[in-house]
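Undergrad: Got a structure for you, written out below as structure tokens; questions coming shortly.
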Amino acid sequence: MQKKIILFAGLFLAGQAGFSQSIDQVINAKEVERIERTLSSDDMQGRRTFTPGIDKAADFIAAEFAKAGIKPLKGDSYFQDFTMLKTKFVSAKGELNGKPVLERNIVALTSKPELAITHASGYEKANIGPNDNLYEQVMKMLDTKRNYFVTVDTSFMRMFNSLKRFRQQSFPSDANIVLVLTNESPSSYSVEFKQEVTTAPLKNVVGVLPGKKKKDEYVIFSGHYDHLGIGKPNAAGDSIYNGANDDAAGTTAVIMLANYFAKQNNNERTLVFAAFTAEELGGFGSQYFSKQFNPEKVMAMFNIEMIGTESKWGTNSAYITGYERTDMGKILEKNLEGSQFKFYPDPYPDQQLFYRSDNATLARQGVPAHTISTSKMDSEKYYHTQEDEIGTLDMKNMAEIIKAIAISSKSIVAGKDTPSRVDTSQLR
């Protein structure tokens, strides 16, 4: 009996070693660097939306998908083409209780070139207080497709500025939301808002690996491939925002996972690999992509954002946004038992990250859609700077994170585990 136990243990360890060797051959620091270096090179000109640089990046990603052997999602092209309303802010002015409101404290979410409202316009009044989740509340209002005048507590000053990205979203024509940063309760108000509105073409890059027995159940791996482009030179004379960590790192992971799962060729569920455009403008790529799926058929979404630097816990670790909203994190942890890698809940709840990234659209529809990241949101030194270059990233640690995602997702990919759904009752 003892000999049998020893033999079994030896075979088990040999099997584990073989599996480790197999995954290491596909996902390793050398391959991470090859893809990451290309995506974040100066040749890509910072991958700004609507520039030749981002088109060049899209071509590279499509070629990598083809090389991996995954199929286009539809037809014979990996490009998912769509259009968006592109807006350019012109001016905003207003009064609240007879007092002027600063232009920077006004945000209008509308597809109209001009909007002029008063307290007599029939807009529903709402308030987002200091204990509310700003993004959840705004999304809730967007889903109603009604008109709102919203006062936002001044504690949200930093996040309020980020809402200005939503100006460029293609909102329903019957939805108009005006937000004012103030601690006053409005008895009277007036707001005039102007913007230029045009239509612009965009494209995601999407590939698919059809499932074996559960073809109609989807697991999505995603990241955004756009960044900020070219700006004013810094002190070193560098004008290119290479976006190595944000989010060439996540796109690199998606490409490598596509290659890995294609080589495994044993996925029971259909796997979708998506590189989104226009995240930096307001998440347009992921919004369009997500609306092409029946959310009931999407079993899980692994969105990957900024994994190039160490997390607050060091190497071999990452966090999951919205960890407490489903049991997906627990499933991933179970599949990683015995390894050195650890997933943690999001340590930056005040940043409200769960509804700020490309997982948001599907999460709002109940899909266990989470973002995996290592970004130290309170101290990420090179975030949105020209210094976000490949030399600041840890290739070996990136490879370990990508391997951890591959291994931890295996029971979901195989159709053995199905994460619980996001409770959307608070969004209705």
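Derivation of every value follows stated rules applied to the coordinates shown; laboratory data play no part. None of these values were measured; they are calculated from a predicted model. Cβ sites come from the backbone with ideal geometry, for glycine too, and all protein chains shown count toward neighbours.
Undergrad: So which aspartates and glutamates pass the test for Lys297, namely a Cα distance under 19 Å, with those fewer than 8 places away in the same chain ruled out?
TA: Asp216, Glu217, Glu268, Asp327, Asp358, Asp417, Asp423
Undergrad: What FRET efficiency comes out for Ala63 versus Ser420 if R0 is 45 angstrom and r is the Cβ-Cβ distance? Round to the nearest 0.05. Kindly include the intermediate steps, with their values, before the conclusion.
TA: Values: r = 37 Å, r/R0 = 0.83.
Once rounded, the FRET efficiency stands at 0.75.
Undergrad: Scan around Met84 for amide H atoms under 5 Å from its own, H built in the peptide plane at 1.01 Å from N, and keep only partners 5 or more places away or cross-chain.
TA: Those lying under 5 Å, H to H, from Met84 are Ala200, Leu202.
Undergrad: Then there is this: What FRET efficiency would be calculated for the residue pair Ala200, Glu337, taking the C-beta separation as r and a Förster radius of 60 Å, to the nearest 0.05? Walk me through the numbers before you get to the answer.
TA: Working: r = 47 Å, r/R0 = 0.79.
According to the calculation, E is roughly 0.80.
Undergrad: Quick check: convex hull over the Cα atoms of the stretch 52-146, volume per residue in Å³, rounded to an integer?
TA: Given the Cα convex hull of the stretch 52-146, per-residue volume reads 203 Å³.
Undergrad: Now a separate question. In terms of Cα to Cα distance under 24 Å, which lysines are near enough to Lys342, apart from those fewer than 8 places away along the same chain?
TA: Within reach: Lys30, Lys312, Lys330, Lys334, Lys376, Lys381, Lys396, Lys403, Lys410, Lys416.
Undergrad: Based on the Cβ-Cβ distance of Ala29 and Ser187, what FRET efficiency does E = 1/(1 + (r/R0)^6) give at R0 = 35 Å, to the nearest 0.05?
TA: Numbers: r = 62 Å, r/R0 = 1.76.
That pair, Ala29 with Ser187, gives E of 0.05.
Undergrad: Along the charge dipole of the chain, Cβ charges K/R +1 and D/E -1, which of Thr361, Ile255, Ser22 sits furthest on the positive end?
TA: Checked the options; the winner is Ser22.
Undergrad: May I ask you to give the average projected area over all directions of the convex hull of the Cα atoms of the stretch 85-198, in nm² rounded to one decimal?
TA: Working: hull surface 24.6 nm².
Computed as one quarter of the Cα hull surface, the answer is 6.1 nm².
Undergrad: When only C-alpha pairs under 8 Å and at least 6 residues apart count, what is the relative contact order of the chain, in percent?
TA: Values: 886 pairs, mean separation 86.1, N = 428.
Worked out over the chain, it gives 20 percent.
Undergrad: If you build the convex hull over the alpha carbons only and average its shadow over all orientations, what do you get for the stretch 285-428? Give it in nm² to one decimal.
TA: Numbers: hull surface 36.7 nm².
Average projection, Cα convex hull of the stretch 285-428: 9.2 nm².
Undergrad: Take the eigenvalues of the Cα gyration tensor for the chain, scale each by 5, and report the square roots as semi-axes in whole Å, largest first. Intermediate results must be reported in sequence, preceding the final value.
TA: On the way: eigenvalues 323, 110, 84 Å².
Calculated on Cα positions only, the semi-axes equal 40, 23, 20 Å.
Undergrad: Hey, rough spin-label estimate for Asp55 and His384, points 7 angstrom out along Cα→Cβ, what's it come to in nanometres?
TA: Rounded to a tenth, the inter-label distance reads 2.8 nm.
Undergrad: Restricting things to Cα coordinates, could you compute the convex hull volume per residue of the stretch 195-316 in Å³? Provide the component values of the computation, followed by the final result.
TA: Details: hull volume 20.5 nm³, N = 122.
Dividing the Cα hull volume of the stretch 195-316 by its residue count gives 168 Å³.
Undergrad: Here's another thing I want to ask about it. Compute the helix-to-body angle for 2-26: its Cα long axis versus the longest principal axis of the chain, expressed 0 to 90° and rounded to tens.
TA: Between helix and principal axis, roughly 50 degrees.
Undergrad: Something else: Which whole-number percentage describes the relative contact order of the stretch 85-198, with Cα contacts under 8 Å and a sequence gap of 6 or more?
TA: 50 percent
Undergrad: Next up: Could you work out the helix-only [θ] at 222 nm for the chain, with each DSSP H run of four or more residues adding -39,500 (n - 2.57) and the total divided by the number of residues, to the nearest 500 deg cm²/dmol? Working shown, then result.
TA: Working: 11 runs with 123 residues, N = 428.
Taken over the chain, the calculation gives -8500 deg cm²/dmol.
Undergrad: So between Met377 and Thr83, what do we pick up on full extension, going 0.36 nm a residue minus the alpha carbon distance? Write down the numbers at each step before the final one.
TA: Values: separation 294, 0.36 × 294 = 105.84 nm, distance 3.13 nm.
My answer for the length gained is 102.7 nm.
Undergrad: Give me a comma-separated list of calculated 3J(HN,Hα) values for the stretch 199-210, in order, Karplus coefficients 6.51, -1.76, 1.60 applied at θ = phi - 60°, integers in Hz, x for any Gly or Pro.
TA: Each residue of the stretch 199-210 in turn: 9, 9, x, 9, 8, 8, 10, 9, x, 9, 10, x Hz.
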